[in-house]
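First up is the structure itself, then whatever we jot down about it.
The values are calculated or read from the model by the stated rules, or taken from the named source; none is laboratory data. Computed from a prediction, not measured in an experiment: that's the story for all the values here. Cβ atoms come from the backbone with ideal geometry, glycine included; neighbour counts cover every protein chain shown. Only protein heavy atoms, including side chains, enter the accessible area calculation; ligands, DNA and RNA are left aside. Shrake-Rupley method; radii C 1.70, N 1.55, O 1.52, S 1.80 Å.
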Amino acid sequence: MTETEKAFEPDRAMEDAVREDVAASFDPSVLQIPEELRKCGAVVDNAIEYLVGKELPPEMIASALLAGSLGILARTADASTMVRMLETAIASIKAGELSVSGPDGASRPG
């Protein structure tokens, strides 16, 4: 296992404890996003804006972005790390951390 893979291989109990601590004390007004992540996010946001402007289906855009993300992970992490990251994403969705609402603020069926 490479150092990069080890960095993505936290202890499950520790990961759960950190998640609970962060959720209890989360204050979005003091969130500090690393500069590299900000740059990556800006590029992805611009790409999404461009693709939406071309009137491509949102599901296709999301699918392509997810496939690209998984491709990067496949080259840098092992399968168990990728599965755990996806499980974390699923848990976030189930916990309501990624709420889906329409332009009027009403919840969309999920």
- Item | Proximal charge balance of Ala42 [Cβ under 13 Å; K/R count +1, D/E count -1] | -2
- Per-residue ³J(HN,Hα) for segment 77-85, Karplus 6.51 cos²θ - 1.76 cosθ + 1.60, θ = phi - 60°, Hz, x for Gly and Pro: 9, 7, 4, 5, 5, 4, 4, 5, 5
- Item | Per-residue ³J(HN,Hα) for segment 35-46, Karplus 6.51 cos²θ - 1.76 cosθ + 1.60, θ = phi - 60°, Hz, x for Gly and Pro | 4, 4, 5, 4, 5, 4, x, 5, 5, 5, 4, 5
- Ordered by residue, what ³J(HN,Hα) values in Hz, to whole numbers, does segment 50-58 give under the Karplus form 6.51 cos²θ - 1.76 cosθ + 1.60, where θ = phi - 60° and Gly and Pro are x? 4, 5, 5, x, 7, 6, 7, x, x
- Query: Name the GluC sites (Glu not before Pro) in segment 36-68 that are in a loop by DSSP and that have at most 11 other C-beta atoms within 10 Å, would you?
  - Reply: Glu55
- Query: What accessible area per residue, rounded to a whole number of Å², is obtained for segment 33-76 using a probe radius of 1.4 Å?
  - Reply: 82
- Leaving ligands, DNA and RNA out of it, rank Arg19, Arg84, Arg38 by accessible area with a 1.4 Å probe, largest first. Arg38, Arg19, Arg84
- So the FRET efficiency between Glu87 and Leu37, C-beta based with R0 = 22 Å and rounded to 0.05, is 0.55
